Amino acid sequence: MLFGLETMGLEMRVLLVLAMAICLPSAAYAAEGTATFYTPPYVPSSCNGYQNDGVMIAAASDAIWGNRAACGRRYRVTCIGATNQGVPKPCKGTSVVVKIVDYCPPGCAGTIDLSQEAFAIIANPDAGKIKISYTQV
């Protein structure tokens, strides 16, 4: 007896199925962009000053910065392809979760500027810049 479906009218069951179909894809939505990386030192950062946030961190470009609203957000980042011919298959088939701790100013080469360590988990650093999918977690 799931939600009392046997007593629901056909119209209500159709609405329930439609609502589920509309909501489920949005939960799995991933944006696409590019990632680059930066090297230590990672402090000070725009979000946390001299606080050490470890190495699974990133800087946000204007695309997600939101006037510091991105500070502290965590994103799951996955390499999905190359952006140049230098390293045609840079992806390692893994994802990484990073915390936004810094700002990548205008002219930033990527949507997300990963720490060197985070970038190396998902892609060959020789690529320098990769195509990514990312979701807030």
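The values are calculated or read from the model by the stated rules, or taken from the named source; none is laboratory data. Just so we're clear, the structure is a prediction, and the values are computed from it rather than from any experiment. Neighbour counts are summed over all protein chains in view; Cβ atoms, including those assigned to glycine, are modelled from backbone coordinates with ideal geometry. Only protein heavy atoms, including side chains, enter the accessible area calculation; ligands, DNA and RNA are left aside. Shrake-Rupley method; radii C 1.70, N 1.55, O 1.52, S 1.80 Å.
Tabulated data for the structure shown
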item: Residues (open to solvent by less than 20 Å² (accessible area, probe 1.4 Å) and either over 16 Å from CYS104 (Cβ atoms) or assigned to a loop (DSSP other than H, G, I, E, B) (or both)) located in the range 32-66; result: SER61
item: Residue in the range 95-106 that is open to solvent by 30 Å² or more (accessible area, probe 1.4 Å), under 20 Å from THR135 (Cα atoms), among the aliphatic types (A, V, I, L, M) and not in a loop (DSSP other than H, G, I, E, B) present; result: yes
item: Number of the exception - ASP126 against (1) part of a strand (DSSP E or B); (2) more than 18 Å from ASP62 (Cβ to Cβ); result: (1)
item: Scope the range 67-79; condition assigned to a strand (DSSP E or B) and of a type outside the set (Val, Ile, Thr); matching residues; result: ARG74, TYR75, ARG76, CYS79
item: Of all residues in the range 107-126 being open to solvent by 10 Å² or more (accessible area, probe 1.4 Å), at pLDDT 95 or above and of a type outside the set (D, E, K, R), the one that is nearest to TYR42 (Cα to Cα); result: GLN116
